[in-house]
Amino acid sequence: MNAAIGALEFNSIARGIEAADAMAKAAEVEIFTSRSICPGKYLTLVHGNVSSVSAAIQAGREVARGFVVDEFVIPNVHPEIFPALTGTADVAEIRAVGVLETYSALTGILAGDAAAKAAPVALIEVRVANGIGGKAVLILTGDVASVEAAIRAGIDAIAHTGLYVTSVVIPAPHAELTRFLN
């Protein structure tokens, strides 16, 4: 997987599609996802090397000037982000569970990257926007201390945004719950 991920969130679907095209044309990146999200916004994620991702984000921002509501470039993104975003994470065992909820799609990804880098946890899912009113939910597992440290790192990574909703750590989730998490 490539070393960087970049994202642009737009408050216009039409401008988001136009910007995604510009992003793909501006630099050698792969579009990881480009789709409408709740509530009536558009999200494009690209990955590649850091300079290409940065150039693509710049091109998208210029094309959609005035319609960008959030953005990021994460160099050296944690490799578990990609399967967590697609719901294909292969988690062998669910131990303690941490859940972090944010008000925006992109802050959930930022929190997930920081959490995965901070402690030995496994990302189960990073759900962004659709079906949850534009929010993001990060779900991870590991031993209790690692889950607590990861959740704290996720919160710290997005504290400056004001978009943190809440989080929980469940030390010993019931088997009836865990079968819905993996």
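Where a number appears in this text, it was derived from the coordinates with a stated rule and is not lab data. A quick note: this is a predicted structure, and the numbers were derived from the prediction, not measured.
Here are the numbers:
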item	result
Gain on full stretching of the segment that runs from Val165 to Asn76 - 0.36 nm per residue minus C-alpha separation	29.4 nm
Relative contact order of the range 49-182, pairs being alpha-carbon contacts under 8 Å that are 6 or more residues apart, as %	28
Residue-span extension gain [Tyr103 to Asn182] - 0.36 nm each, minus C-alpha spacing	26.1 nm
nm² value of the averaged projected area, convex hull over the Cα atoms of the range 81-178	5.6
For the chain, alpha-carbon Rg over 2.2 N^0.38 Å	1.01
C-alpha center-to-center spacing [the range 50-67, the range 95-110] in angstrom	25
All lysines inside 21 Å of Lys41 as judged from Cα atoms, apart from same-chain residues fewer than 8 positions distant	Lys135
Potential extension, Thr86-Ala175 segment - 0.36 nm per residue separation minus Cα distance	29.7 nm
